[in-house]
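Data first, discussion second: the structure below is written as structure tokens.
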There are 2 protein chains.
Amino acid sequence: MVASRGAANACPPTDKACPPPGDSSPQRRRRNAAETRQLLLAKARWRFARDGYAATTVRDIADDAGVNVALINRYFTSKEGLFEACLTTASSEVRRDADEMPSAGIAQAIAHRLAGANKSEDLPDALLLLLRSSGDERIDGLRRNVLQSVSEKLARAAADSQGNTEALLRAQIVLATSLGISVLRASTGVQPLASATAEELLAPLTDLVNVMLPPDQEKPGRS
Amino acid sequence: MVASRGAANACPPTDKACPPPGDSSPQRRRRNAAETRQLLLAKARWRFARDGYAATTVRDIADDAGVNVALINRYFTSKEGLFEACLTTASSEVRRDADEMPSAGIAQAIAHRLAGANKSEDLPDALLLLLRSSGDERIDGLRRNVLQSVSEKLARAAADSQGNTEALLRAQIVLATSLGISVLRASTGVQPLASATAEELLAPLTDLVNVMLPPDQEKPGRS
DNA sequence: ACCTCAAGTCAATGCTTGTTTACATATTGC
DNA sequence: GCAATATGTAAACAAGCATTGACTTGAGGT
């Protein structure tokens, strides 16, 4: 708390001893630009999603990747460039996922994505990234665009007719639920939500999606 | 983007020209410890909730309050102490609000809180603060405790019988929805959610609460 | 085998940050 | 009014930050 003299910052936001997953790269050629670029991207994405932009230092990312800090500036020109690259890849993942969203079984898809039970497992990180800001206006615009179009796709996937404003609002509330669950799971250990499996999430989310994104035109009964 | 040489940080996370509300304090005695302490607390809470812990500088807060930076350390001993003070006040507000939650009309209460249409208006900030971390384990424990107990209260307010695990999970999902809506409204301008009024939020939230926190024992029908 | 250039490292550099020390000034009890 | 003290200010400190240019080192073509 009170360092003897002029302690600038005594808060490691994430335990250094908790590195991003997938640390064991079996055979990695010692010098391969494309490979280390991808590695930096993956580690950065994990840190940014978990700790936010400001709390993440480029040295942390470089250490996670096991390379020198200067490579970040070489491959991405700046910390902000790296963040933008992370956001771009995450955005396309989320967009693709929203495109593949089936009209039936939306809740199941969401549950599996949130629990990270899917093949990729890093989709929760992609969602979290959409809530992190670097402070740059242009990059924040990207975030807003993704969220907007995903919510529109979600609204259309349910009731594919008119661009009803309330349908869009409801879709954004479902999106807010997904984001909120991601945040709660990642940054607070609230139980039982934090360690709920996809199967356990499925039942509540099914009810939620059914009532918020009604496949038929008429609203559900409101007691 | 690329400052000529050794530019450390070129990212103002929040526009300096967008100061916290309630800037006009009509008559303020020039020297009043309790008053400036409260002022610092209010401005800090706004910044922390909006930009997060790491992206907020003590100089920003002091400038918002119109006082010298050193006063933060005088009254709160450190930046982290100030953050903890913010979190403590916000926690008690959220706890009190959860206590006053009526068994009927939960959705209405949530909608009004989220839209900031209530008297206090700063409850969305209190919710956002519960998602912000300084990296300190002890303070993060406070956050977790509040979220846990609020979700338990929420679960009991709906179905006040058994401490069913699934009921708790559902309550935490409702909490996640509230937090997600707060974040989306505060940090991304996604429309129509960002500028939805309490009245517009009411209908969807009523459906959501009715299905997620069933007042009766039997589950709603799942198609 | 060697030469070359990409891939990676090292050691500053200047800036920002949180914090503190020394100083100024208003307020209050007498 | 006058000291005593609470309240606020200014300047400086040390550490950490992102960034950069000059350097080493390894892989691949000839």
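Descriptive notes on the structure:
- Of all residues in the range A:62-76, those being within 13 Å of chain B (Cβ to nearest Cβ) and either in a loop (DSSP other than H, G, I, E, B) or more than 9 Å from DNA strand C (Cβ to nearest atom) (or both) number 1.
- Pairs with Cβ under 6 Å, 6+ apart, first in the range A:140-153 and more than 11 Å from A:L129 (Cα to Cα) and within 9 Å of chain B (Cβ to nearest Cβ), second part of a helix (DSSP H, G or I) and polar (S, T, N, Q): A:S151/A:Q172
- The test for being small (G, A, S), within 26 Å of A:G135 (Cα to Cα), at pLDDT 95 or above and in contact with an Asp or Glu (Cβ under 7 Å, 6 or more places away or on another chain) does not hold for A:A85.
- A single entry from A:T188, A:T197, A:T165 fulfils the requirement of being in contact with a Leu (Cβ under 9 Å, 6 or more places away or on another chain), at pLDDT below 95, more than 13 Å from A:A107 (Cα to Cα) and polar (S, T, N, Q): A:T188.
- Scope the range B:99-139; condition within 14 Å of chain A (Cβ to nearest Cβ), under 14 Å from the mean Cα position of the chain (by Cα) and part of a helix (DSSP H, G or I); matching residues: B:I110, B:L114, B:A115, B:P124, B:L127, B:L128, B:L129
- For the range A:43-61, residues that are aliphatic (A, V, I, L, M) and more than 14 Å from DNA strand C (Cβ to nearest atom) total 2.
- Close pairs (9 angstrom Cβ cut-off, 6 or more residues apart or separate chains): free of Cβ contacts under 8 Å to residues at least 24 places away in the same chain and more than 14 Å from every other protein chain (Cβ to nearest Cβ) in the range A:36-61, among the basic types (K, R) and within 12 Å of DNA strand D (Cβ to nearest atom) anywhere: A:I61/A:R47; A:I61/A:K79
- Hits in the range A:37-76 (condition: buried (at least 17 other Cβ atoms within 10 Å of the Cβ), near DNA strand D (Cβ under 8 Å from one of its atoms) and of a type in the set (D, E, K, R)): A:D60
- Filter pass, A:V209 being β-branched (V, I, T) and within 7 Å of chain B (Cβ to nearest Cβ): no
The values are calculated or read from the model by the stated rules, or taken from the named source; none is laboratory data. These numbers were taken from a predicted model, which means no experiment stands behind them. As a convention, Cβ positions derive from the backbone with ideal geometry for all residues, glycine included, and neighbour counts pool all protein chains shown.
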